[in-house]
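Report on the structure given below.
The values are calculated or read from the model by the stated rules, or taken from the named source; none is laboratory data. A quick note: this is a predicted structure, and the numbers were derived from the prediction, not measured. Note that we place each Cβ from the backbone using ideal geometry, even for glycine, and neighbour counts take in every protein chain shown. Surface accessibility is based on the protein's heavy atoms, side chains included, excluding ligands, DNA and RNA. Shrake-Rupley method; radii C 1.70, N 1.55, O 1.52, S 1.80 Å.
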2 protein chains.
Amino acid sequence: LSQKISILLNCRSCGAEISPESGKYSCPKCGGILQVKYARSVNKDSFFSYSSRSGVWRFFEMLPVERRENIVSLEEGNTPLIRTESLGEGVYVKDETRNPTGSFKDRPNTVGISKAVELGAKTIAIASSGNAAGSLSAYAAKASLECVVGVPEDTPNSKLKQIMVFGAKVVKVRGTYSAAFNLIRESSGKYGWHNLTSVCTANPYQVEGDKTAAYEIYERLNNPDWVAIPLGAGPLLVGIYRGFWELREAGLIDKIPRLIGVQAEECAPIARAYKNGEKEVTPWERKPHTIAHSIADPLTGYSQDGTLTLEKIRESNGVAESVNDDEMLEAVWQLARGEGIFAEPAAASTLAAFNKLKRNGIITGGEKVVLLVTGTGLKSSAALDRLGEAPVIDPDPDQLMKLVS
Amino acid sequence: LSQKISILLNCRSCGAEISPESGKYSCPKCGGILQVKYARSVNKDSFFSYSSRSGVWRFFEMLPVERRENIVSLEEGNTPLIRTESLGEGVYVKDETRNPTGSFKDRPNTVGISKAVELGAKTIAIASSGNAAGSLSAYAAKASLECVVGVPEDTPNSKLKQIMVFGAKVVKVRGTYSAAFNLIRESSGKYGWHNLTSVCTANPYQVEGDKTAAYEIYERLNNPDWVAIPLGAGPLLVGIYRGFWELREAGLIDKIPRLIGVQAEECAPIARAYKNGEKEVTPWERKPHTIAHSIADPLTGYSQDGTLTLEKIRESNGVAESVNDDEMLEAVWQLARGEGIFAEPAAASTLAAFNKLKRNGIITGGEKVVLLVTGTGLKSSAALDRLGEAPVIDPDPDQLMKLVS
């Protein structure tokens, strides 16, 4: 049995140290972002010491849950890292669509909910553009916890239904994702719900689940030159940075891969700040209109999350890029028809950005590139509306041949 | 490198032996069902000798592909076997929704397409109620083969779009699944396409992929008392029977689990023949109206497939059962809200049948039962129409609390 040493939370802004047992998910002193601090030093043996069918809980020793009996798992992680043939030499897809609920969100949620169970939660809450809540509601069902979900009012029905089938209580919130975010934050404070919204401002534990994607990439490839990641607020990028940082601290790798953060042109607060050379990210003003629902996050009211993400991009010597809807749709076809992987547009944004960065000479031949493909296309009709209808025929081989040739 | 000894095909009806190199997928002498015959004896070491991230190709030595370079894989199989808490002691779910395209069909298709590549195929074809073609078209994309798909005209749009996104040529065929089946069989003969329709009459290789589900169950549970399997024509059941039979031949288990074949009440030719004590299955007369599209197969023109399935149910001392739409929907909720698994109605039919067989005292407490959950609910809107709509609110905690409590 595990001899884990307990953890602390510390504020990234004011440095305050907070006990997890306080039940606080953000800094009670300054409202800053908390991060998990492990009261032990990381060494090579800490990483791969456990056996589990979960790609997240294999790394139990590196995660902020103290007792294994609190783990709520659906066998997430251990996703394929595919050496592509159609996308060129050295290009790999980390296929996060293969997680239990069809997106990478199962990684942060399995950690977040397990910690919530450890802290005695009865009700958990989340603001989500769809995938995170579709995931969390499944884990809540498994753990028999009540789950409250706020989504932006334009969330596709296909994503809503997944949340509802698991029995979560879902409301559509008028306004953008940020309106839902702020409602859930305020309500969680008011009613004592555990806020499992997956941005760092809201919850310090979930980003620890995100980092396991870095460990899995390391296991297969050591350290690639580039890792491309779709960005809303960017906790996945922050987590992956942290994962590679820990691997470097432990002496397992020499350098952290350059991280590419990818946003939708119609909602790109982090990419804009990056391009303008700004230190701080400011919220996006316009209401976003894009098929990339999962990453259309204006950051209104919690832009410090974007600033943290931007910091990590720069610390990795990476880049932030934005792509438009047509480029994402093109990338959806490219993944489907070249590799047999059906991604939602936001998830294919990394391939769209790769195409762009290669055209612009920023990524060069011979470099090892990992594209995170973060969510399945099965939940999103956006990529499909342009496909047209299948023709109807009689059961007659001649009619079939005429259509096929 | 492998020293595989080559295989033969032999006809289950007339006993004729056929070389795979002939490119025949059914008996050229009598039209009977071919099965793969390995020119070697099976022993304990044959099963688990290879290392692969695919749960199918780990068992390369037991499969009908001769050269590993012909393998077309999307890392299928190795699906979770979940010890359920909500369904009772000893009840396990084999969660086949976790396959690359969301259904168990990835198992037969990875084997079928790899063999087609080995045989030099340019164009492959399939008749499908949706899942099998959604899967095959992904593998065809990966292998750069042309793929022709015939589906029944009432196939849900959500399933059609998955097929189309991978670039397959899809037609809706007027009539039931059987009309599509016969069209693809006739056209494949006429135009030299490789028929990868996943029933045994059409293709002898794919059922070899199905059997790997039995190997995986064995690895975790040895031999359970019961294994429940949704049935259209039933190749999955035939394959699972074969897998356990091989394990018994090799001395790894003493007896084959009792197999439960589950059909939809609205289309239950195999369950009907079972209940009437008949030796042969006859086609279903009425056009089926059920939400269980994936298993609504009237078997018109290839009822020998049903007869083969029925034989295997009886040889295992199993049962065939049918369930109605309401029972399947109830089972969908039960899986979602108890276990965090979102199944399509046809896939939840095994839980519906389990509930029924337990009520009727056929399954008793203390028995080990595995329920195959064969396909994800994300592709099917049938389970979701009854969920209603999520309410729209302003970002106001009081409005939220009123709806939640």
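Of B:E327, B:E321, all but one fail to be outside any helix (DSSP H, G or I), open to solvent by 10 Å² or more (accessible area, probe 1.4 Å) and in contact with a helix residue (DSSP H, G or I) (Cβ under 7 Å, 6 or more places away or on another chain); the exception is B:E321. Starting from residues that are touching a Ser or Thr at 6+ places or on another chain (Cβ under 6 Å) and not in a helix (DSSP H, G or I), keep the ones in segment A:293-318 and report whichever is nearest to A:F354 (Cα to Cα). The qualifying residue nearest to A:F354 (Cα to Cα) is A:A296.
The number of residues in segment A:362-391 that are among the aliphatic types (A, V, I, L, M) and modelled with pLDDT of 95 or more comes to 7. The set of residues from segment B:371-395 being more than 27 Å from the chain's Cα centre (by Cα) and at the interface with another protein chain (Cβ under 7 Å from one of its Cβ atoms) comprises B:L387, B:A390, B:P391, B:V392, B:I393, B:D394, B:P395. The listed residues are B:E330, B:E315, B:E339, and the only one of them that is at pLDDT 95 or above and away from every other protein chain (no Cβ under 14 Å) turns out to be B:E315. B:N195 meets all of the listed conditions (1) in contact with a strand residue (DSSP E or B) (Cβ under 7 Å, 6 or more places away or on another chain); (2) within 29 Å of A:D385 (Cβ to Cβ) but one, namely (2). Going by the conditions given, is B:P288 more than 24 Å from A:A143 (Cβ to Cβ) and open to solvent by less than 40 Å² (accessible area, probe 1.4 Å)? For B:P288, the condition - more than 24 Å from A:A143 (Cβ to Cβ) and open to solvent by less than 40 Å² (accessible area, probe 1.4 Å) - is met.
Being within 11 Å of another protein chain (Cβ to nearest Cβ), among the polar types (S, T, N, Q) and out of contact with any Lys or Arg (no Cβ under 6 Å at 6 or more places or on another chain) holds for only one residue in B:S187, B:S198, and it is B:S187. Of the helices (runs of 4 or more DSSP H) lying entirely inside segment B:68-182, the ones with 2 or more residues being in contact (Cβ under 8 Å) with a residue 12 or more places away in the chain and within 8 Å of chain A (Cβ to nearest Cβ) are found at B:131-143, B:157-165. Scan segment B:209-223 and give yes if some residue there is part of a loop (DSSP other than H, G, I, E, B), modelled with pLDDT of 95 or more and closer than 16 Å to B:I313 by Cα, otherwise no. There is at least one residue in segment B:209-223 that is part of a loop (DSSP other than H, G, I, E, B), modelled with pLDDT of 95 or more and closer than 16 Å to B:I313 by Cα.
Only one entry in A:S46, A:S22, A:S54, A:S6 is farther than 22 Å from A:I126 by Cα and open to solvent by 40 Å² or more (accessible area, probe 1.4 Å), namely A:S6. So for segment B:258-273 (the condition being surrounded by fewer than 23 Cβ atoms within 10 Å (Cβ to Cβ), over 19 Å from B:L357 (Cα atoms) and among the acidic types (D, E)), does at least one residue qualify? No, that holds for no residue. Report yes if A:I362 is open to solvent by less than 10 Å² (accessible area, probe 1.4 Å) and more than 23 Å from the chain's Cα centre (by Cα), otherwise no. So A:I362 fails the test. Between B:L357, B:L371, the distinction of being touching a residue at least 60 places away in the same chain (Cβ under 8 Å), surrounded by 17 or more Cβ atoms within 10 Å (Cβ to Cβ) and over 21 Å from A:K142 (Cβ atoms) belongs to B:L357 only. Cβ-Cβ under 7 Å, sequence separation 6+ or interchain: first residue in segment A:55-66 and within 9 Å of A:I7 (Cβ to Cβ), partner among the hydroxyl-bearing types (S, T, Y) and surrounded by fewer than 22 Cβ atoms within 10 Å (Cβ to Cβ). Which pairs? Hits for this filter: A:E66/A:S6. The residues of segment A:335-376 that are in contact with a Pro (Cβ under 8 Å, 6 or more places away or on another chain) and assigned to a helix (DSSP H, G or I), listed by number, are A:A346, A:A347, A:S349, A:T350. B:A346 is checked against (1) of a type outside the set (D, E, K, R); (2) in contact with a His (Cβ under 8 Å, 6 or more places away or on another chain); (3) modelled with pLDDT under 95 and fails just one. What number does that condition carry? Status for B:A346: all satisfied but (3). Of the residues making up segment B:176-210, those that are among the small types (G, A, S) and more than 13 Å from the chain's Cα centre (by Cα) are B:S178, B:A179, B:A180, B:S187, B:S188, B:G189, B:G192, B:A202.
Can you find even one residue in segment A:224-233 that is out of contact with any strand residue (DSSP E or B) (no Cβ under 7 Å at 6 or more places or on another chain) and either open to solvent by less than 10 Å² (accessible area, probe 1.4 Å) or farther than 30 Å from A:L8 by Cβ (or both)? Yes, that holds for at least one residue. Residues that are touching a strand residue (DSSP E or B) at 6+ places or on another chain (Cβ under 6 Å) and closer than 22 Å to A:P283 by Cα were ranked within segment A:235-257; the one that is surrounded by the most Cβ atoms within 10 Å (Cβ to Cβ) is A:L237. Within segment A:177-196, the set of residues being of a type in the set (S, T, Y), modelled with pLDDT under 95 and surrounded by 24 or more Cβ atoms within 10 Å (Cβ to Cβ) comprises A:Y177 only. Scanning segment A:274-285 for residues that are surrounded by 15 or more Cβ atoms within 10 Å (Cβ to Cβ) and part of a loop (DSSP other than H, G, I, E, B) turns up A:V281, A:T282, A:P283, A:W284.
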